Amino acid sequence: MIALEKPQFAETLLFLEDVTVTFDGFRALNKLGLDVGRGEMRAIIGPNGAGKTTMMDVITGKTRPDEGRVLFGDIDLTRLDEAAIANLGIGRKFQKPTVFENHSVWTNLELALKANRSPWASLRWVLGGEARDKIAATLERINLLPAFASLAGDLSHGQKQWLEIGMLLMQEPELLLVDEPVAGMTDAETEKTAHLLRNIAETRSVVVVEHDMEFVRALNVRVTVLHEGSVLAEGNLDAVQNNQKVIDVYLGR
Amino acid sequence: MIQAPVTPILGRGGVIFLVLLLAVAILVPVLNLFATPGSALHVPDYMVTLIGKYLCYALLALAVDLVWGFCGILSLGHGAFFALGGYAMGMYLMRQIGSRGVYGNPELPDFMVFLNWKELPWYWQGFEYFPFALLMVFLVPGALAFVFGWLAFRSRVTGVYLSIITQAMTFALLLAFFRNDMGFGGNNGLTDFKDILGFPVQASTTRAVLYFCSALALGGCFILARRIVSSKLGLVLVSIRDAESRTRFLGYRVEHYKLFVFTVSAMMAGLAGALYVPQVGIINPSEFSPENSIETVIWTAFGGRGTLWGAALGAIVVNAAKSWFTGLLPDAWLFILGGLFIVVTLFMPKGLAGIFSGWRWAPRPPVTEAAKVSTQAAE
Ligand SMILES: Nc1ncnc2c1ncn2[C@@H]1O[C@H](COP(=O)(O)OP(=O)(O)O)[C@@H](O)[C@H]1O
Ligand SMILES: [Mg+2]
């Protein structure tokens, strides 16, 4: 691992150390380390199978690492389940867009809105004025205001990606993990998404996994390259792209 | 201004269902008690009991639909909750027999005298009191569902595996209740009931009241179930059904939601069983048999999964057909039922309810139908 540039964020929000995950003897993550600052946006790139999604699984409690530490602030995430981690303030967008297809766009956001998550509270939930304003503001932000009453299942692929990002925003997370947000998007949609994520990153920490180099360039943030479950290089996009190890990994495949 | 979508508590189908149910609830007993016997309008006693039985099945199907249609929990063991509610009521009815049994023992039911038991087992204590028995009608199935669900949902058992263990649960109870030393009358179960709250169970008036109570229970549970599924809790249930891990990553404790709805549903099934037993006059272990639970799922699928009223309607229609066919062609019923299930699965994914909702008089898709309350009006 070559450090190409010193991180300029004083405080660490997400810290991974020596994280190892094996599936039937196969090491999907191999002593992975990562350090994301509070307020930072970080792009993660790497060939297919590098372990990017598995890394998100570990952070969000879906997969337990065999070894290593995952700290969010000073809380160890490896002991918590998905719901607890989500409620700590980590939102996640899946690689395959996952929204509630049988609910309206509005309802998708309403369900994601930060609130008491207990069954009893849900039974007694009444949509208040403040909640409505938040939902409306998010609808506007993700370009889905005209579609608020449509079934989420009727949205286009790109719109589903936005809706899912909108659902993350409703959770008011400190950290957003966004897995391949522009896969399957048109160029215009990709551009809008980059704009949206940059906008979000002004107030929150964001980790974006993406293959699309144009998109990563548009984000203009520090890049971490994963390969075979470890960090291969880290720095700005140009430096990383000129790194010999990175070139070997991408061209050698 | 945006109109926030809200799910109506009852909806058009629900209102029609309740109106029809109320009509049937009143007309059948009135025509039984007050129309001249022999006239075309008169409803014979056996018919009152038969329809009352269907209403209990409808409540059971409603309970199944609540967990299956809205939360994706395909329970193949709901017959167990029904039977437990039935046994709780049966125990009360047994205690009411008193010294009128064959052996004339004032304390012990006949089967216990027959087994040479000297005193009432501890778990029979209290069942002579109706309020206690009624409490148990809810508590016993509810507690079983809670413990079972806690273990299953916490371990994230889902899909086919969950269905199989619910089936195993009811089968285990079937075997247990067959045993004489369990103290529930073994093979023969509980029967020869005399009266309920001091009224003879065989009397026309008692039957009419039991019938009316069944309709009331069905209507009440329907409204309660609609209240649940039209709330945010209900929306979360559907989210769990459609995208369980998405729901978890939003911070919802999926197992708590499943546990809640599973327990409520089991209590509804218990109530259905409790109303069923005094009307049919017997409860025995065969009520636990796995086929019963599977049949209930077929009624639900036939009526229309995920609509509640469709499930209730499905139970009534299939059971009416069953009564008719078993009179006509006793051996053919199982084949007809199997055929019905295949037809529904292949050609009628929305069941009977799907056919009826095709008859809309205002063309409005589901979402916009929900989007009626304006943002200002709801404040
Ligand atoms: N649940 C799993 N079981 C077995 N192997 C898995 C599982 N999840 C991921 N893998 C393997 O781990 C490696 C990393 O996968 P993933 O994290 O999805 O890669 P990326 O997102 O970088 O494309 C892949 O080789 C994949 O096949
Ligand atoms: Mg991936």
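The values are calculated or read from the model by the stated rules, or taken from the named source; none is laboratory data. Everything numeric in this text was worked out from a predicted model, so none of it was measured. As a convention, Cβ positions derive from the backbone with ideal geometry for all residues, glycine included, and neighbour counts pool all protein chains shown. These area figures cover heavy atoms from the full protein model, side chains too; ligands, DNA and RNA do not enter into them. Shrake-Rupley method; radii C 1.70, N 1.55, O 1.52, S 1.80 Å.
Once both labels are positioned 7 Å from their Cα atoms along Cα-to-Cβ, the gap between A:ILE247 and B:ALA143 label points is 7.4 nm.
On a full-extension model of 0.36 nm per residue, what is the gain between A:ARG69 and A:PHE26, subtracting their alpha-carbon distance, rounded to one decimal in nm? Stretched out fully, the A:ARG69 to A:PHE26 stretch lengthens by 13.5 nm.
Using θ = phi - 60° in the Karplus curve 6.51 cos²θ - 1.76 cosθ + 1.60, the 3J(HN,Hα) couplings for the range B:207-221 round to 4, 4, 5, 4, 4, 4, 4, 4, 5, 5, 4, 4, x, x, 5 Hz; x is entered for Gly and Pro. The stretch between B:PHE178 and B:ILE2, if pulled fully straight at 0.36 nm per residue, gains 57.3 nm over its current Cα-Cα span. Going 7 Å from the Cα of B:HIS42 along its beta-carbon direction, which residues of the range B:203-224 have the amide nitrogen within less than 16 Å of the resulting point? Zone members listed by number: B:204-205.
Put B:TYR46, B:TYR103 in order of accessible area, highest first, and with a 1.4 Å probe you get B:TYR46, B:TYR103. Taken over chain A, the percentage of Cα pairs per 10 Å bin, counting from 0 up to the bin with the maximum distance, is 7, 30, 36, 21, 6, 1.
With a ≥ b ≥ c taken as the square roots of the eigenvalues of the C-alpha gyration tensor of the range A:75-180, please select rounded if a/c is under 1.5 and otherwise prolate if a/b is larger than b/c or oblate if it is not? Since a/c reaches 1.5 but b/c is at least a/b, the shape of the range A:75-180 is classed as oblate. In a reduced charge model with +1 at each Lys and Arg Cβ and -1 at each Asp and Glu Cβ, chain A shows a dipole moment near 300 debye about its Cα centre. Built from the Cα atoms of the range A:49-131, the convex hull projects on average onto 7.5 nm², one quarter of its surface area.
Here the Karplus relation 6.51 cos²θ - 1.76 cosθ + 1.60, evaluated at θ = phi - 60°, turns the backbone of the range B:302-316 into coupling constants of 5, x, x, 5, x, 10, 6, 5, x, 4, 4, 4, x, 4, 5 Hz, with x for every Gly and Pro. In straight-distance terms, cross-link reach from B:LYS53 covers every one of the lysines whose alpha-carbon lies under 24 Å from its own, apart from those fewer than eight places away in the same chain; here that gives B:LYS194, B:LYS322. Annotation for A:LEU123 and A:ALA84: the two label points, set 7 Å from Cα along the Cα-Cβ direction, are 2.5 nm apart.
Rounded to the nearest angstrom and listed largest first, the equivalent-ellipsoid semi-axes of the protein assembly as shown from its Cα gyration tensor are 57, 28, 20. The chymotrypsin sites (Phe, Trp or Tyr not before Pro) of the range B:113-153 that DSSP puts in a loop, and whose beta carbon has at most 14 other beta carbons within 10 Å, are B:TYR129. The listed residues B:SER230, B:SER155 rank as B:SER155, B:SER230 when sorted by accessible area, largest first, using a 1.4 Å probe. Springs join every pair of Cα atoms under 10 Å in this Gaussian network model of chain B, and among B:VAL229, B:VAL238, B:VAL137 the largest mean-square fluctuation is at B:VAL238.
Taking label positions 7 Å along the Cα-Cβ direction at both A:ASP133 and B:ALA203, the computed distance is 6.4 nm, reported to one decimal. Close amide H contacts of B:LEU76 (hydrogens built in the peptide plane, cut-off under 5 Å, sequence separation of 5 or more or a different chain): B:THR166, B:GLN167. Candidate cross-link partners of A:LYS31 among the lysines, defined by an alpha-carbon separation under 26 Å and a same-chain spacing of 8 or more, comprise A:LYS6, A:LYS52, A:LYS62, A:LYS93, A:LYS245.
Dipole of the range B:13-360 computed with +1 at Lys/Arg Cβ and -1 at Asp/Glu Cβ about the Cα centre; of B:MET91, B:ALA215, B:MET348, farthest Cα towards the positive end is B:MET348. Net charge dipole, the protein assembly as shown: roughly 1160 debye, given to the nearest 20, about the Cα centre with Cβ charges of +1 for Lys and Arg and -1 for Asp and Glu. Against the main long axis of the alpha-carbon atoms of chain B, helix B:159-178 sits at an angle near 10°. Phi angles of the range B:34-47 translate, via the Karplus equation with coefficients 6.51, -1.76, 1.60 and θ = phi - 60°, into HN-Hα couplings of 10, 7, 5, x, x, 6, 4, 7, 5, 9, x, 3, 4, 5 Hz per residue; Gly and Pro are given as x.
Could you tell me the calculated FRET efficiency between A:ASP187 and B:LEU151, based on Cβ-Cβ distance and R0 = 45 angstrom, to the nearest 0.05?
Numbers: r = 51 Å, r/R0 = 1.14.
The pair A:ASP187/B:LEU151 has a calculated efficiency of 0.30.
Residue separation of B:VAL15 and B:LEU33 scaled by 0.36 nm, minus their Cα-Cα distance, works out to 3.7 nm of gained length.
Restricting attention to the range B:88-145, which GluC sites (Glu not before Pro) occupy a DSSP loop and are surrounded by at most 13 other Cβ atoms within 10 Å?
The qualifying sites are B:GLU119.
The C-alpha atoms of chain B define a longest principal axis, and helix B:130-154 lies at about 50 degrees to it.
When shorter helices are ignored and each DSSP H run of at least 4 residues is given -39500 (n - 2.57), the per-residue value for the protein assembly as shown at 222 nm works out to -17500 deg cm²/dmol. Here B:PHE132 and A:LYS114 are evaluated by their C-beta separation; at R0 = 60 Å the FRET efficiency comes out at 0.85. Per-residue SASA remark: B:ASP45, around 60 Å² accessible (1.4 Å probe; ligands, DNA and RNA not included). The trypsin sites (Lys or Arg not before Pro) of the range B:110-214 meeting both criteria, a DSSP state outside H, G, I, E and B (loop) and at most 10 other C-beta atoms within 10 angstrom of the site's C-beta, are B:LYS118. As an equivalent ellipsoid, the range B:13-360 spans semi-axes of 32, 27, 18 angstrom, where each value is the square root of five times an eigenvalue of the C-alpha gyration tensor, largest first. Just checking the listed ones, A:GLU174, A:GLU202, A:GLU82: in the Gaussian network model of chain A with Cα springs under 10 Å, the one fluctuating most is A:GLU202.
Based on DSSP H assignment, which helices of chain A show an axial Cα extent of at least 15 Å together with a mean Kyte-Doolittle hydropathy greater than or equal to -1.0? Correct list, ordered by number: A:129-141, A:157-170, A:187-201. Taken residue by residue and averaged, Cβ atoms of other chains lying within 10 Å of the Cβ of A:76-84 number 3.
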